[in-house]
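Chemist: Attaching a single structure in structure tokens format; questions to follow.
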Amino acid sequence: MKALLLEAPKEFKFIDIPEPNRPGPGEALVRVHRVGICGTDLSGYLGKMPFFSYPRIPGHELGVEVVEVGEGVANVQPGDRCSVEPYINDPQSYASRRGHPNCCEKLQVLGVHRDGGLRRHFILPARKLHPSRSLAFDQLALVETLAIGCHAVNRGAPQPDEACLVIGAGPIGLATLEFVKLTGCKIIVLDMNETRLEFCRSVMGIQHTLTPSENLEADLRALTDGHLPDVVIDATGHAGSMSAAFGLVAPAGRLVYVGITTGEVTFKHPTFHRPEGTLLCSRNALPGDFTRIIGLIEDGTIDTQPWITHRSAFEDLIGVFPSYTKPETGVIKAVVSLD
């Protein structure tokens, strides 16, 4: 069986690996049909993802088909189309027992800590499969990206009478926007890339978009009745942006980091102490987020169609992958087909 291995940063190669064995108790054998490429994959390729280990078969945004299930599996059956919750946790860990499997002390994320989905078949715990009777594999591969945004918005909890600033309009920022929109609050998007901001305006219906400027604070106040945003969600993964975000929060406001950086994030303490700000980190997502998102796509509340801007066949991915790291190519979401 062919698999795509990221041997080291910027060093992809195809390898032959054995077909998996039959699934054991609680396991499922799946056939991978679609793999979404996200910021984690790009950062891993560039050597900028702090949790990534090499060599690694990437791929954690997955649309799969169940081939066979092991003993005791009741949540899925052969033929089911599923999204994969790629956060493999220890159910008995302290975090998992407290309802936080997304930050389990022993967490291993598919395609990051253990091999992921850029191969045609593999085995995983059946509890990590979320089936849908109606969604296509393309849609199922987007659920995990949306789940990251869903969890980040839940962490910040913007209210209808508040303003929320989303910094960064890449895939994670856009996923975040989908769920900020559902809260009914005022939304502002900040990004350096005008093409991405135009996508926010024309496709996602965001009225207020800004690019960084020396007058950013004044620009924000002009959109929020004189105060700064109540919730700021930084989806850039850029240390400079994340540091500057401390100064953009309203009194009693919340700052949420959903992007990840290997650099140092710094701030002057009075800047964040004065408004009595709250700093929150958002890591991965929860099982309930996947269930909710599948329902929102099924009932048409979330339209995934505009998201996929680039496609690749599995066999062509090595050649095209470097282009996905370049914002000028206009990539919102690239999806790989293993059919």
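Chemist: Might you let me know whether the range 178-199 holds any residue that is surrounded by fewer than 23 Cβ atoms within 10 Å (Cβ to Cβ), closer than 15 Å to Leu296 by Cα, within 16 Å of the chain's Cα centre (by Cα) and outside the structural domain of Gly79 (by TED's automatic domain parsing)?
Modeler: Yes, the range 178-199 contains at least one residue that is surrounded by fewer than 23 Cβ atoms within 10 Å (Cβ to Cβ), closer than 15 Å to Leu296 by Cα, within 16 Å of the chain's Cα centre (by Cα) and outside the structural domain of Gly79 (by TED's automatic domain parsing).
Chemist: Quick one: how many residues across the range 261-282 are surrounded by fewer than 18 Cβ atoms within 10 Å (Cβ to Cβ) and under 18 Å from Lys48 (Cα atoms)?
Modeler: The qualifying residues number 4.
Chemist: Here is a follow-up. Among the residues of the range 86-109, is there at least one that is more than 23 Å from Gly259 (Cα to Cα), of a type outside the set (Phe, Trp, Tyr) and touching a residue at least 24 places away in the same chain (Cβ under 8 Å)?
Modeler: No, that holds for no residue.
Chemist: So which residues in the range 105-127 are assigned to a loop (DSSP other than H, G, I, E, B) and not charged (D, E, K, R)?
Modeler: Here is the first cut: in the range 105-127, the ones assigned to a loop (DSSP other than H, G, I, E, B) are 105-107, 111-113, 115-118, 120.
Answer for the range 105-127, where residues must be assigned to a loop (DSSP other than H, G, I, E, B) and not charged (D, E, K, R): Leu107, Gly111, Val112, His113, Gly116, Gly117, Leu118.
The values are calculated or read from the model by the stated rules, or taken from the named source; none is laboratory data. Keep in mind that this is a model prediction, so the values were computed, not measured. All Cβ positions, glycine included, derive from the backbone under ideal geometry; neighbour counts span all protein chains shown.
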